[in-house]
Amino acid sequence: MAKSTSIDLYKLNPNNPNDMFSKLKNITVGVLALQGDYNAHALKISELGFNTKEVRTSYDLNDIFGLVLPGGESTTLLKLLDQELENKIQSH
């Protein structure tokens with residue numbers, strides 16, 4: 001399981017990229033993996049130096065810093081999204 005990382009984004013110094021990247025490199029970004037080309041999204045996020053985690057259930061939202069929602073047919077996406085996962089996403 002990914003290590004939980006807490007970062008105060010307002011304290012990052014944009015004038016010091018090394019400081020920013022050293023603090024951000026341990027972040028895990030979730031990718032909603034219900035439909036669409038979520039693998040391409042996860043690959044690009046990994047190439048940027050972040051850890052990725054495929055999100056399919058509400059449990060998968062644990063220990064992630066952010067969530068990427070790949071594009072796709074919204075009606076189908078809503079049908080695939082279980083109620084517990086949808087509620088947890090909306091609460092954040």
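Considered as a group, the residues in region 23-58 that are open to solvent by 60 Å² or more (accessible area, probe 1.4 Å) and under 11 Å from the mean Cα position of the chain (by Cα) include one that is farthest from residue 83 (Cα to Cα), and that residue is 51. Here's a check for you: in region 4-45, which residue that is assigned to a loop (DSSP other than H, G, I, E, B) and in contact with a Phe, Trp or Tyr (Cβ under 7 Å, 6 or more places away or on another chain) is modelled with the highest pLDDT? Applying the filter and picking the extreme gives 27.
Note on region 61-71: residues that are more than 12 Å from residue 85 (Cβ to Cβ) and in a strand (DSSP E or B) total 2.
Restricting attention to region 46-60, the residues that are part of a loop (DSSP other than H, G, I, E, B) and hydroxyl-bearing (Ser, Thr, Tyr) add up to 1.
The values are calculated or read from the model by the stated rules, or taken from the named source; none is laboratory data. Source: prediction; values computed, not measured. Positions of Cβ are generated from backbone atoms using ideal geometry, with glycine treated the same way; all protein chains shown enter the neighbour counts. In case anyone asks, the SASA skips ligands and DNA or RNA and just uses the protein heavy atoms, side chains included. Shrake-Rupley method; radii C 1.70, N 1.55, O 1.52, S 1.80 Å.
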